[in-house]
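A short write-up of the structure that comes next.
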Amino acid sequence: MRLGGERVLITGSTAGIGRAIALRCAAEGAAVVVTGRDEIRGEAVVAEIRGDNGTAELVLADLDGESTCEELVEQASSALGGITVLVNNAVSGTTDVSDGAVTDLSTETWDEALRVNLTAPMWCCRAAIPHMLDAGHGSIINISTRQAERAAKGFTAYIASKAGLNGLTRAIAVDYASHGIRCNTISPGYVLNDRRDADITDERRARLEGMHLTRLGVADDVAHAAVFLASTESEFITGTNLALDGGSSGARALLLG
């Protein structure tokens, strides 16, 4: 079991990418805390893990403030007997809903994006690192986006907050490498979502596929990468931003003729 003995907290893990990471980490032997705001979906993820003889607990949380992030980490540590892996996956804003060009952007939208996408991960890291120090090792995995390095129109707050998350990753990697704590980022390309893409048109699918050299991503692609970065297989890797994007950071398929 690649994650046997690891104790993993994944934010935003009641659905989508976070759910896939929780299921995959548990399948690899980790004890997992599933967290989010939707109790019904969270309980379903926990039940699925336990149904496969895995170990999981549900801690409901809304990452809207310093105290709630700290409480989440403490509850997760209490439930698991410590934390050795933190996956910051919860997000405000996506590539599906534009938050606006800077002249159209409200301060409220800007503040929310930075709070959830950058400040909340910092709060969670700050609370979780002492538990990793106690364990003698740890891995922090921040879920970012390729848009942080290759911007699209109309996503100012989302892009800026995720670019900040990439910088936070590097800073933590430098500060805690000597303590056996690693910090890396995964930057996915377009990842299919069951609800969002249930009625995807052929035209939209073709356009999205044209952004990738291989295929569109699925949540399990991110989950497999997260397991690798959480495991000892990647203990020589820290401060890295993994472009999990079907080759689109190298070239867009449509540009290749």
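The values are calculated or read from the model by the stated rules, or taken from the named source; none is laboratory data. From a predicted model like this one, the values you see are computed outputs, not experimental measurements. All Cβ positions, even for glycine, are placed from backbone atoms using ideal geometry, and neighbour counts span all protein chains on display.
A few points about this structure:
- Taking the criterion of being surrounded by fewer than 16 Cβ atoms within 10 Å (Cβ to Cβ), of a type outside the set (Asp, Glu) and not in a loop (DSSP other than H, G, I, E, B), the only residue of the range 225-252 that qualifies is 232.
- Residue that is surrounded by the most Cβ atoms within 10 Å (Cβ to Cβ) [pool: residues in the range 165-205 that are over 27 Å from residue 218 (Cβ atoms) and among the small types (Gly, Ala, Ser)]: 173
- Residue match in the range 196-211 (condition: closer than 30 Å to residue 30 by Cβ and assigned to a helix (DSSP H, G or I)): no
- Residue count for the range 64-93 under the criterion of being crowded, with 16+ Cβ neighbours inside 10 Å and modelled with pLDDT under 95: the result is 3.
- For residue 215, the stated conditions do not hold, so it cannot be described as more than 15 Å from the chain's Cα centre (by Cα) and in a helix (DSSP H, G or I).
- Top-ranked residue in the range 132-163 [being among the β-branched types (Val, Ile, Thr) and under 18 Å from the mean Cα position of the chain (by Cα); ranked as surrounded by the fewest Cβ atoms within 10 Å (Cβ to Cβ)]: 159
- Candidates 180, 154, 189, 167 - the one that is farther than 18 Å from residue 225 by Cα and touching a Ser or Thr at 6+ places or on another chain (Cβ under 9 Å): 154
Residue-wise test of (1) buried (at least 17 other Cβ atoms within 10 Å of the Cβ); (2) assigned to a loop (DSSP other than H, G, I, E, B); (3) modelled with pLDDT under 95; (4) hydrophobic (A, V, I, L, M, F, W, C).
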| position | (1), (2), (3), (4) |
| --- | --- |
| 3 | yes, yes, no, yes |
| 9 | yes, no, no, yes |
| 12 | yes, yes, no, no |
| 18 | yes, no, no, no |
| 22 | yes, no, no, yes |
| 25 | yes, no, no, yes |
| 43 | no, no, no, no |
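- Qualifying residue in the range 56-63 (condition: in contact (Cβ under 8 Å) with a residue 60 or more places away in the chain, buried (at least 16 other Cβ atoms within 10 Å of the Cβ) and assigned to a strand (DSSP E or B)): no
- Verdict on residue 38 being at pLDDT 95 or above and either of a type in the set (S, T, N, Q) or farther than 15 Å from residue 229 by Cα (or both): yes
- Filter pass, residue 50 being within 20 Å of the chain's Cα centre (by Cα) and of a type in the set (D, E, K, R): no
- Residue in the range 147-158 that is in contact with a strand residue (DSSP E or B) (Cβ under 8 Å, 6 or more places away or on another chain) and among the polar types (S, T, N, Q) present: yes
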